[in-house]
Every structure is written in C-alpha cells, then in structure tokens.
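Written out below as structure tokens is the structure these notes cover.
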Amino acid sequence: MTRGGWLLAAIALGLVAITAAAALLIWEPALPPIPPPAATSFDHTTVLHGEALAHLGNCRTCHTAPGGQPFAGGRALRTPFGTIYTTNITPDPETGIGRWSAAAFARAMREGVSRDGRFLYPAFPYDHFARVSDSELDALYAFLMTRPAAPAKTAENRLDWPFGYRPLLAIWNLLFLSSEPTGDGDRGRSLAEGLAHCGACHTPRNRWGAEISGRAYDGAWTEGWYAPPLNARSPAVRPWTADELFIYLRTGVGRTHAAAAGPMRNVTRELAAAPEADVRAIAAYFAGLMADAPAAKGDAMLQDRQDHADQAHAEGAILFAGACAACHETGAPLMQQGRPPLGWTTSLQEKTPHNTLHVIVQGLTPPPGRAGPSMPGFGNDFSDRQLGEIAAYLRARYTDLPPWQDLDAAVADVRKAAGE
C-alpha cells in the first residue's frame, strides 16, 4: 500500500472510531413494544389539548402524503443530503406507532431515537421538540394514539453516501442537539423555538444540516422556497405588527402583505385551528423581533415605477398587461376588493427571484378545505425566457433594488422544484 493509501485508511479508521464512540455515548436500546392502547383509555380533555398542539406543530402537513391518510406519513422531504420519507404516526401496530409507549414517543420527540433504537434524521425537528414540556408530549401522544390507524409502510429513504448510515447521527446529536429551555416565560418564544419549530425553515443551516447558532430567523431555503428573515433583516416594505401577523398566521392572508404561499400555506392552515392565544403569542414574539426592520422604522419605500419598468423590460410589460393586469393593476376589480397591491409583496424585495417565480409558475391555491386567494399558474403558458421577463418587470416596477441576476437558472430551479 502506498503512503497515501495508508493515510486514507487511517482517516477512515479514525472516523469509524469516532462514530462508534459517539454512538456508545448516546446509545439507546430498543424500548419494549406495548399492546396497542384503546382510544377510550385516554382522557378526552388531554386528547383535545394534544390536537391543539398538533396544529401548532404542523404535524399533519409533514406526516401526510399528497392524497394520503392524515398522519400516515409517506411525504417526500427533499434535503441537501437526499430524500427522506416521513413516517407513519397513526396507531397502526405494524407500520405506525401503535406499539409505542409514551416513553418511546417522548424519546423520539426529544432525542431523535425511534422505539427500536434507530436514530432518526433531523429533518424531523427533534432539536426543537426537545424543548416541549412533559405534559405537552403526553397530550400529543394521546391525540395521535386516538387517530384512526392507517396501515402504510414508510418508503426507504434515498440518501447520498454516507448519510444513509444512521449511526453517523450520533455525532450530529452530540454536536447540535440541545434541550436548553428558553426559560424567560415568553409563550411566543417558547412555541416558536419549540413545538412550532419556526427556525427549521427560517434559520439558515450549516453544511451538516444544523441551524447556525447566532443566525436565528435570518432567512433560509426550504423545499426550493426562500423563507424570509423574521428579525431586523426582514425585507418587507410594510411593517409586521402583532395584529397583522396574527391575521396572516391565522388566515394565510394579510391586509398589507401578500398571501401565504409555498410551505407557509399549510402552516397557516394548521394555525387556523390552533388556540388563538398561542397564535397571538407567536405573532407578538416575531413582531418584536422585526421591530427594528426597515419597514417598522418607516425606512422602506413603496414603489411603482411603471415608466421605468416599461422601458427597461418592454416584453415583460406586454406580458404583464396580458396576463396579470386584469387582477393586479390599479383599479382592477380584485384590487377594489382590498387585495394588497403587488408593491407590498415581500418576495419582490428578496435577493433571489425564486419565490416570485414559484407563484407565477405554480399559481396560488388555498389549502385543502379552506377558502382563500387563488391564482392560476402560468408555467405552461410562458417560456422560460418569458417567465424571467415578467419577474424582471415586476422587480423593476415595484422596487428600486438592483435587477435580479441569473434569472434563467432561477426559472430552471423553480421548474425542477415544481416537478416539471
């Protein structure tokens, strides 16, 4: 063996030794299965409390495949490391959590370890759920164990090498898992950092998929969308007050901001059924974090530079007039009904055009079972170049920010994320 070969072998052995040591340090045995408890064995008030908490935690969204049974899992989560499929959390005894004890459920929620001792992937945000109280975990367990059992085997994850090797997660847990409580009695902060796991989407992550300490709510990418900053870096041109944010979280529509879209659409669907006091607490917490943002201080300026945009993007102006103006131009019937003007849309203020392009390509639909704003998608009506022209026109007309770069690449990203 060459000198280089010996060096690589030594490094590989070192990594194996570190992984083994980490796994031994936090190794957890399989917990014994239990006979599936009867739904009637749970206190009704506790079940109702658990239902409210499940709405706050957005459990149904992640653990329900498109068209599938609620909480039966199977939804594909695309991560930088590959695709992870969410698990069945109905009380089905063979494919769900029907044989899990309350202790096994609590261990999974707080430590990311399944009943059988396997490490779970942090796409399941147990790093946030570690802060949830004992009584809240008991209530969540009661709620889930009283759902209809739905047999549904979870598909195998499709992860890049070596991330399919679960013992590596022992190192991740040692480095990044903390159960440090918020400790200041702020219900909004406690929910945001715990059960509601807002940072899972809005906080940027490091190369290992952990949220970056010191950059909470600085904005991050999730499922091909950009989740904007929820602190002083908020690019919104209209201030997020606690009342305005509460209405948005509760209904998916703001009076002075655009409608919820992308992953946030389902979050607002769940928060619509969560306790009002808790949603108000979350709204007040984030309004406080955004109190020093430009819009809150009156520094953000609303723009409508139509003449400039018409000249700079003549094709975009024509496309806008034909496809968008009937709803979005000043004086349009929908605008007279109180729809926020496009100039108030946060996505136009962001550094990348992805969110704007997502809405143009895919349109807007209210969450299942809910009324709300809708808009047809234009992904099949326009070429990639035309989509880029419309985005460039909107940016030039409703902001005074520099033009977006690499629109072609952004359109390709959005079409790929949309499954086209």
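The values are calculated or read from the model by the stated rules, or taken from the named source; none is laboratory data. No experiment lies behind these values; they were computed from the predicted model shown. In this analysis, Cβ positions are derived from the backbone assuming ideal geometry, glycine residues included, and neighbour counts consider all displayed protein chains. In case anyone asks, the SASA skips ligands and DNA or RNA and just uses the protein heavy atoms, side chains included. Shrake-Rupley method; radii C 1.70, N 1.55, O 1.52, S 1.80 Å.
Rounded to 0.05, the FRET efficiency of the residue 383 and residue 213 pair, given R0 = 45 Å and the Cβ-Cβ distance, is 0.55. Residues 395, 415, 215, sorted by accessible area with the largest first, give 215, 415, 395 [1.4 Å probe; ligands and nucleic acids excluded]. A Förster distance of 60 Å, applied to the separation of the beta-carbon atoms of residue 94 and residue 314, puts the FRET efficiency at 0.45. Leaving ligands, DNA and RNA out of it, report the carbon-plus-sulfur percent of the accessible area of the chain at a 1.4 Å probe. About 58 percent, which is the carbon plus sulfur part of the accessible surface.
Helical content alone sets the calculated 222 nm signal of the chain at -12500 deg cm²/dmol, taking -39,500 (n - 2.57) per DSSP H segment of four or more residues and averaging over every residue. Relative to the current alpha-carbon distance between residue 11 and residue 371, full extension at 0.36 nm per residue lengthens the span by 123.9 nm. Each of (1) 19.3; (2) 22.7; (3) 23.9 is a candidate for mean projected area of the Cα convex hull in nm²; the one calculated from this structure is (3).
The simple spin-label model puts a point 7 Å past each Cα toward its Cβ; for residue 103 and residue 2 those points are separated by 5.4 nm.
Once a ≥ b ≥ c are taken as the square roots of the eigenvalues of the Cα gyration tensor of the range 57-195, is the result rounded (a/c under 1.5), prolate (a/b larger than b/c) or oblate (a/b not larger than b/c)?
On the way: a/c = 1.60, a/b = 1.11, b/c = 1.44.
Note, shape of the range 57-195 comes out oblate.
For residue 351, the lysines whose Cα falls under 21 Å of its own Cα, not counting residues fewer than eight places away in the same chain, are 297, 416. Spatial offset of the range 62-103 relative to the range 190-258 amounts to 25 Å, using the alpha carbon center of each.
Loop-resident chymotrypsin sites (Phe, Trp or Tyr not before Pro) (DSSP state other than H, G, I, E or B) in the range 152-212 with no more than 15 further Cβ atoms inside 10 Å of their Cβ: 165, 208. Based on the reciprocal of the average 1/r between different C-alpha atoms, the Kirkwood radius for the range 329-401 equals 13.4 Å. Screening the chain for whole DSSP H helices of 24 Å or more along their axis (Cα) with average Kyte-Doolittle hydropathy at least 0.5 returns 3-26. The label-point distance for residue 186 and residue 334, in a model that sets each label 7 Å from Cα toward Cβ, rounds to 3.6 nm. For the chain, the Cβ-based charge dipole about the Cα centre amounts to some 600 debye (Lys, Arg positive; Asp, Glu negative; other atoms uncharged). Within the listed set 214, 112, 50, the Gaussian network model of the chain (springs between alpha-carbon atoms below 10 Å) gives the highest mean-square fluctuation for 214.
Computing FRET efficiency as 1/(1 + (r/R0)^6) for residue 418 and residue 297, where r is the C-beta to C-beta distance and R0 is 41 Å, gives about 0.65. Between residue 233 and residue 159, the modelled label-to-label distance comes to 2.7 nm, taking each label 7 Å out from Cα in the direction of the beta carbon.
Average accessible surface for the chain: 50 Å² per residue, computed with a 1.4 Å probe over protein heavy atoms with every protein chain in place.
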